[in-house]
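Visitor: The structure is given below, and queries will be raised subsequently.
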Amino acid sequence: MTSRKVAGAALAYVGHYVIKSFGSFENLIENKSNLIPAAIIIGISAVMFVVGIVGCCSTLRESKCGLSCFFLIIMLIFAAEVTALVFSFIYRSKINGQFESPIRESLSKYNGEKNSETEAVDSMQTLLKCCGVKNYSDWTNTTYFSRNKTLPLSCCKNSSSPQCNGKPDQPDQFNTEGCEPKLEKFIQDVLTYAMLVVVAFAIIKFFGMVSVCAIFCKSRRSGYEPLYA
């Protein structure tokens, strides 16, 4: 029972990690269906706490009814994990080129003031250590640059450094990589991590179903006494 609680907690962490990772860039991610795998994973983790209790009691008592319910629950969890895996795989394959348009739109709305668009861009460029869409030169076509003649300080390799003032004549002070490829890689890495964890737990569930079948068959055989003439 303890191992299943630990497994449930591990899955809950994975689901939370995926949602938190996506939440950091929610203004730049238009397709919210990518959170479906995370929601399924968290749902599975909640069910696993109940499964731990049912499975422990059923195994100790070798209750046929309990073992049947336990097997059904494990099978449903296994199906849910496969579903989460399929959704993750589908979304991961559709990521390429998905972020260019929303990032460009966010750059065009950037004004350096405290608002959701500005904070989203600054957060992205700081966390991913990137600048612009493809590179820092994308900022030269924005309203912010035409008004200030500088790039945001979040483009700086070290935003607290007095040497980086945002002027484009100091390219060595900026992060040279664009945010689109870095954001794509980040999301793909998050989904890959989630997929590997789900695959591992799905394999465990499969062997769990085999074990329940073995216990059920053993219990069934022991319920019959041999007849002697």
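Visitor: Is there a residue being part of a helix (DSSP H, G or I), modelled with pLDDT of 70 or more and in contact with a strand residue (DSSP E or B) (Cβ under 8 Å, 6 or more places away or on another chain) anywhere in the range 38-53?
Guide: Scanning the range 38-53, I find no residue that is part of a helix (DSSP H, G or I), modelled with pLDDT of 70 or more and in contact with a strand residue (DSSP E or B) (Cβ under 8 Å, 6 or more places away or on another chain), so the answer is no.
Visitor: Right, next: So, in the range 117-132, of the ones that are touching a residue at least 40 places away in the same chain (Cβ under 8 Å) and either among the charged types (D, E, K, R) or outside the structural domain of THR150 (by the TED database) (or both), which residue ends up least open to solvent (accessible area, probe 1.4 Å)?
Guide: GLU117
Visitor: Restricted to the range 133-158, and to residues that are open to solvent by 20 Å² or more (accessible area, probe 1.4 Å) and closer than 23 Å to PHE22 by Cα, which residue is nearest to the chain's Cα centre (by Cα)?
Guide: Applying the filter and picking the extreme gives LYS134.
Visitor: Within the group SER93, SER101, which residue is farther than 30 Å from ALA12 by Cβ, open to solvent by 30 Å² or more (accessible area, probe 1.4 Å) and polar (S, T, N, Q)?
Guide: Result of the check over SER93, SER101: SER101.
Visitor: Checking the conditions here, which among GLY178, GLY223 is more than 23 Å from the chain's Cα centre (by Cα) and either at pLDDT 85 or above or farther than 29 Å from LYS94 by Cβ (or both)?
Guide: Step by step, each of GLY178, GLY223 is checked, and only GLY223 is more than 23 Å from the chain's Cα centre (by Cα) and either at pLDDT 85 or above or farther than 29 Å from LYS94 by Cβ (or both).
Visitor: Going by the structure shown, is SER88 modelled with pLDDT of 75 or more, among the hydroxyl-bearing types (Ser, Thr, Tyr) and either surrounded by fewer than 17 Cβ atoms within 10 Å (Cβ to Cβ) or under 25 Å from ASN158 (Cβ atoms) (or both)?
Guide: No; evaluated as a whole, the condition is false for this residue.
Visitor: Looking at the range 165-176, I want the residues that are at positive phi and have a partner that is aliphatic (A, V, I, L, M) with Cβ atoms under 9 Å, at least 6 apart or on another chain. Which pairs are those?
Guide: If the second residue must be aliphatic (A, V, I, L, M), the pairs left are GLY166/LEU151; GLY166/LEU153.
Visitor: Do we find that LYS167 is at pLDDT 80 or above, open to solvent by less than 60 Å² (accessible area, probe 1.4 Å) and closer than 30 Å to LEU107 by Cα in this structure?
Guide: No; evaluated as a whole, the condition is false for this residue.
Visitor: So is GLU177 assigned to a loop (DSSP other than H, G, I, E, B) and under 18 Å from ILE103 (Cα atoms) or not?
Guide: When the stated conditions are applied, GLU177 passes them.
Visitor: Test GLY166 against the criterion of being more than 30 Å from ILE95 (Cα to Cα) and in contact with a Gly (Cβ under 9 Å, 6 or more places away or on another chain), and give yes or no.
Guide: No; evaluated as a whole, the condition is false for this residue.
Visitor: Failed condition for SER161, given (1) open to solvent by less than 10 Å² (accessible area, probe 1.4 Å); (2) hydroxyl-bearing (Ser, Thr, Tyr); (3) free of Cβ contacts under 8 Å to residues at least 60 places away in the same chain, with all others met?
Guide: With (1) open to solvent by less than 10 Å² (accessible area, probe 1.4 Å); (2) hydroxyl-bearing (Ser, Thr, Tyr); (3) free of Cβ contacts under 8 Å to residues at least 60 places away in the same chain applied to SER161, the lone miss is (1).
The values are calculated or read from the model by the stated rules, or taken from the named source; none is laboratory data. A quick note: this is a predicted structure, and the numbers were derived from the prediction, not measured. Reconstructed Cβ throughout: ideal geometry from the backbone, glycine too, with neighbour counts over all protein chains shown. The protein model used for the area step is the full one, side chains on, heavy atoms only, and it has no ligands, DNA or RNA in it. Shrake-Rupley method; radii C 1.70, N 1.55, O 1.52, S 1.80 Å.
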